[in-house]
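Peer 1: To start, I am sharing the structure in question, which I have written as structure tokens.
The values are calculated or read from the model by the stated rules, or taken from the named source; none is laboratory data. Note that this is a predicted model, so its numbers are computed, not measured. Cβ placement follows ideal geometry from the backbone for every residue including glycine, while neighbour counts extend to all protein chains displayed. Just so you know, the surface numbers come from the protein's heavy atoms only, side chains and all, with ligands and any DNA or RNA stripped out. Shrake-Rupley method; radii C 1.70, N 1.55, O 1.52, S 1.80 Å.
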Amino acid sequence: MLAAACLFAVLALPLSAADYAIREFNADIVVGRDAVLDINETVKAEFFRPLHGIFREIPIGYYNGKRAIVSDLSASGPFEIYDSGKNYIRLRFGEEAVVLTGPQEYALHYRYDVGADTNEGYDELYYNLVGEGWQVTLESCTFRIKFPSAVDSSSIWFTRGEYRSVSQDGVSWHMEGADTIVAQVASMRPGEELTVRVQLPDGYYAGAREIVNKTPLFFSLTAASCLAALGIAVVLWMRFGKDAVPVFYAESTPPEGMTPMQMGYLADGVVDSKDITSMLFYWADKGLLRISKQGKRKNSFAFTKLEDIGPEALETERYLFDSFFDCGKTGADGVVVTEKNLAGFAEKAERTKLKIASYYKGERRLYDTKSNMAQGLCLLLGLFPLFFCAMTFTWDYPGALTIVLMGVGFVFLLVQYGFMSWLFGRWYVMKTSRGLAFAFACLPTVLMLVLVFIINDAAQSLALQMAGSLFTVLGLGALAFFCSIMTRRSPYAQKLLEQVLGYREFLDKVEMDKLKMMIEEDPEVYYHNLSYAIVLGLDDEWARKFSGMMMEPPEWYAGNDFALNALFYSSLARSWNDRFQVTAMPKSSSSRSTGMRFGGSSFGGSGFSGGGFGGGGGGAW
């Protein structure tokens with residue numbers, strides 16, 4: 001297979017027209033009553049430099065489920081089939097160890113079974129005598145087509161030119177008797193096609209191979225499996241995945257013992273740059289470090305370690321604190337970390353994510369085990385509509401393409417599921433706008449639908465294939481939605497969520513009278529809550545509540561640009577987060593041919609070039 005693929009890659013590179021010429025291309029075609037064409041082709045070439053021989057490609061796959069069958073292949077000299085797939089059979093004439101120059105002649109015989117005619121009210125011969133795939137000009141072409149009985153000369157049309165051309169220029173033909181057509185064309189340039197269409201009386205063909213289009217069957221199975229998968233998903237969600245509605249009251253303090261990083265992890269299931277930034281302000285408020293403006297650059301800061309973290313801190317927090325200052329350098333004031341010291345911190349930040357995930361295990365697990373199992377089952381249910389949808393396209397030639405289509409669909413399901421899980425995981429805590437959340441949740445589905453339209457347009461597929469694709473994409477999007485909300489919170493996680501929501505309600509909705517009373521009791525109440533406001537996305541909102549109030553700068557900030565306005569520190573957090581995300585966090589977070597041909601007119605008239613069976617092309621190697 002590898003050798004064949006390499007050979008095809010070589011043959012796909014056209015030789016220069018100065019290397020060889022094709023003087024003549026002739027075909028003698030006998031049409032059988034069973035719609036099988038007995039074809040003898042002759043190619044007369046001339047090689048201007050040593051070449052092995054010629055190659056020929058014969059189309060066999062068509063958009064509407066039809067497949068031609070090629071049999072009884074024989075040639076005047078050595079030849080082999082070097083590639084045989086769903087849409088083409090490719091042959092080469094000559095031998096690897098032999099090179100030739102000068103005039104050469106090649107004869108090929110094969111039988112070409114197009115299958116039963118499916119047109120209503122008439123039969124037809126619709127055949128591409130010359131395909132668009134020839135790599136050099138065919139200087140002279142002659143054709144002889146013999147039918148089993150008389151044909152009406154007024155129902156014979158030749159079209160010539162690029163794909164879909166209806167021109168008849170340069171084609172001359174005449175009848176020999178009542179059953180034979182003889183045609184000639186002076187020359188055919190690369191990319192041009194020559195097609196003959198002969199309309200025949202209904203029932204002209206007898207005993208032709210019947211082609212059963214299984215597209216409707218697999219479309220029905222696609223639709224049924226989508227509906228069944230969604231039905232099962234709804235039942236599983238109602239039984240194992242539906243969360244209790246959180247009940248909470250505004251609380252002026254964060255949950256006891258919960259750091260901003262833990263709160264951020266509970267909000268969206270990841271440790272990102274904003275969570276790390278919030279911990280720097282949290283540690284500063286605890287008196288563990290000092291933040292200093294450095295130089296004239298707007299976003300350049302230094303972090304000086306003042307104390308070691310206490311034994312009461314969780315292992316995850318202690319690991320992050322120690323890892324952060326391990327990157328620094330010891331100076332006169334102690335260990336100092338600057339932006340340029342953080343190049344190796346990304347790996348430590350990634351380990352922090354794993355450590356905090358491992359903390360929420362066992363008794364502290366965040367999700368119910370049965371709901372996780374139901375979620376996995378829902379994802380597996382998506383394989384059934386994916387299989388039937390892939391078969392809608394490939395029922396006539398199942399194989400590697402079927403698996404590829406299933407794989408692409410399953411990746412889409414996983415991406416959509418992951419995207420929705422992230423989005424809806426932030427629903428309660430981050431207060432995402434419902435309209436915005438819905439729009440973003442639908443984004444992967446919309447992109448997949450656009451891709452389906454592009455693919456189907458290129459492949460000229462049937463309406464049922466398009467409908468099956470749309471049904472599957474929409475069905476998988478709905479299935480991904482139920483998978484994303486399937487994980488039911490554990491009682492432990494439900495309690496934490498209600499505490500976090502109560503605290504968030506306070507930060508977001510606290511009234512000014514209440515806030516002024518708190519400031520009188522604790523002038524640094526803004527700074528004590530700043531790290532949590534950052535991780536909850538309320539830093540600007542929290543700062544605006546203090547606008548117009550005179551504030552003493554915190555002891556943990558040193559710089560000549562400090563301000564007595566809370567918005568300054570909100571901007572400071574955002575500036576450092578932007579720089580931190582860049583420097584220290586992991587970088588995770590033929591012209592129209594598609595291999596498918598038209599094959600059958602399904603309408604009267606002359607047809608168009610390239611619209612029939614057969615054709616293909618060839619060249620030298």
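Peer 1: Looking at the structure I just gave you, is Thr277 surrounded by 19 or more Cβ atoms within 10 Å (Cβ to Cβ), more than 25 Å from Trp422 (Cα to Cα), out of contact with any His (no Cβ under 6 Å at 6 or more places or on another chain) and not aromatic (Phe, Trp, Tyr)?
Peer 2: In short, no.
Peer 1: Restricting to region 322-344, what's the tally of residues that are in contact with a strand residue (DSSP E or B) (Cβ under 9 Å, 6 or more places away or on another chain) and either among the small types (Gly, Ala, Ser) or crowded, with 19+ Cβ neighbours inside 10 Å (or both)?
Peer 2: 9
Peer 1: Could you say whether any residue in region 502-510 is assigned to a loop (DSSP other than H, G, I, E, B) and within 21 Å of Val247 (Cα to Cα)?
Peer 2: Checking region 502-510: at least one residue is assigned to a loop (DSSP other than H, G, I, E, B) and within 21 Å of Val247 (Cα to Cα).
Peer 1: Quick one: in region 87-120, which of the residues that are over 43 Å from the mean Cα position of the chain (by Cα) and over 17 Å from Ser74 (Cα atoms) is surrounded by the fewest Cβ atoms within 10 Å (Cβ to Cβ)?
Peer 2: This residue is Ala97.
Peer 1: Kindly provide the set of residues from region 251-271 that are closer than 28 Å to Asp368 by Cβ and surrounded by fewer than 21 Cβ atoms within 10 Å (Cβ to Cβ), ordered by number.
Peer 2: Selection gives Glu251, Pro255, Glu256, Gly257, Met258, Asp268, Gly269, Val270.
Peer 1: Quick check on this structure: which one of Phe218, Phe240 is touching a helix residue (DSSP H, G or I) at 6+ places or on another chain (Cβ under 7 Å), among the hydrophobic types (A, V, I, L, M, F, W, C) and open to solvent by 40 Å² or more (accessible area, probe 1.4 Å)?
Peer 2: On the way: Phe218 fails: open to solvent by 40 Å² or more (accessible area, probe 1.4 Å).
None of the others qualify; the one that does is Phe240.
Peer 1: Residue pairs, Cβ under 6 Å, 6 or more apart or interchain, first in region 241-257 and closer than 12 Å to Gln494 by Cα, second not aromatic (Phe, Trp, Tyr). List them.
Peer 2: Once the first residue is closer than 12 Å to Gln494 by Cα and sits in region 241-257, its partners that are not aromatic (Phe, Trp, Tyr) give Asp243/Arg488; Asp243/Arg489; Pro246/Leu497; Pro246/Glu498; Pro246/Leu501; Phe248/Glu498; Phe248/Leu501; Phe248/Gly502.
Peer 1: Just the residues that are over 20 Å from Gly131 (Cβ atoms) and open to solvent by less than 30 Å² (accessible area, probe 1.4 Å), please, taken from region 38-76.
Peer 2: Result: Phe47, Leu51, Gly65.
Peer 1: Would it be correct to say that Ala27 is of a type in the set (Gly, Ala, Ser) and modelled with pLDDT of 95 or more?
Peer 2: Answer is yes for this residue.
Peer 1: Residue check, Arg297 against (1) at pLDDT 80 or above; (2) out of contact with any Gly (no Cβ under 8 Å at 6 or more places or on another chain), all met but one. Which one?
Peer 2: Looking at each condition in turn, Arg297 falls short on (1).
Peer 1: Would region 237-244 turn up any residue that is touching a strand residue (DSSP E or B) at 6+ places or on another chain (Cβ under 9 Å) and more than 22 Å from Leu496 (Cα to Cα)? First the steps, then the outcome.
Peer 2: Keep residues of region 237-244 that are touching a strand residue (DSSP E or B) at 6+ places or on another chain (Cβ under 9 Å), which gives 243-244.
Next, only the ones that are more than 22 Å from Leu496 (Cα to Cα) stay: none.
Looking for residues that are touching a strand residue (DSSP E or B) at 6+ places or on another chain (Cβ under 9 Å) and more than 22 Å from Leu496 (Cα to Cα), one finds none in region 237-244, hence no.
Residue-wise test of (1) modelled with pLDDT of 90 or more; (2) open to solvent by less than 40 Å² (accessible area, probe 1.4 Å); (3) of a type in the set (Phe, Trp, Tyr).
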{"site": "Leu288", "(1), (2), (3)": "yes, yes, no"}
{"site": "Asp308", "(1), (2), (3)": "yes, no, no"}
{"site": "Arg318", "(1), (2), (3)": "yes, no, no"}
{"site": "Lys348", "(1), (2), (3)": "no, no, no"}
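Peer 1: Could you tell me whether region 129-139 includes any residue that is among the aromatic types (Phe, Trp, Tyr), outside any strand (DSSP E or B) and buried (at least 21 other Cβ atoms within 10 Å of the Cβ)?
Peer 2: Yes; the residues of region 129-139 include at least one that is among the aromatic types (Phe, Trp, Tyr), outside any strand (DSSP E or B) and buried (at least 21 other Cβ atoms within 10 Å of the Cβ).
Peer 1: Now, a different point. Scan region 48-96 for residues that are farther than 27 Å from Ala208 by Cβ and part of a strand (DSSP E or B) and jot them down.
Peer 2: Across region 48-96, the qualifying residues are Phe48, Arg49, Pro50, Leu51, Ile54, Phe55, Phe79, Glu80, Tyr82, Asp83, Arg92, Phe93.
Peer 1: If you don't mind, there's one more thing I want to ask. Say we look at region 368-404 and pick out the residues that are of a type in the set (Phe, Trp, Tyr) and either under 16 Å from Cys483 (Cβ atoms) or assigned to a helix (DSSP H, G or I) (or both); which of these is most open to solvent (accessible area, probe 1.4 Å)?
Peer 2: Looking only at region 368-404, we keep the residues that are of a type in the set (Phe, Trp, Tyr), and these are 384, 387-388, 393, 395, 397.
Remaining after also requiring either under 16 Å from Cys483 (Cβ atoms) or assigned to a helix (DSSP H, G or I) (or both): 384, 387-388, 393.
Details: Phe384: 126, Phe387: 80, Phe388: 44, Phe393: 51 Å².
Among residues in region 368-404 that are of a type in the set (Phe, Trp, Tyr) and either under 16 Å from Cys483 (Cβ atoms) or assigned to a helix (DSSP H, G or I) (or both), the one most open to solvent (accessible area, probe 1.4 Å) is Phe384.
Peer 1: Looking at (1) over 43 Å from the mean Cα position of the chain (by Cα); (2) within 17 Å of Lys146 (Cα to Cα); (3) buried (at least 16 other Cβ atoms within 10 Å of the Cβ), which one does Val171 not meet, given that it meets all the others?
Peer 2: Unmet condition: (2).
Peer 1: In region 478-509, what residues are over 22 Å from Gln262 (Cβ atoms) and surrounded by 15 or more Cβ atoms within 10 Å (Cβ to Cβ)?
Peer 2: Result: Ala478, Leu479, Ala480, Phe481, Phe482, Cys483, Ser484, Ile485, Met486.
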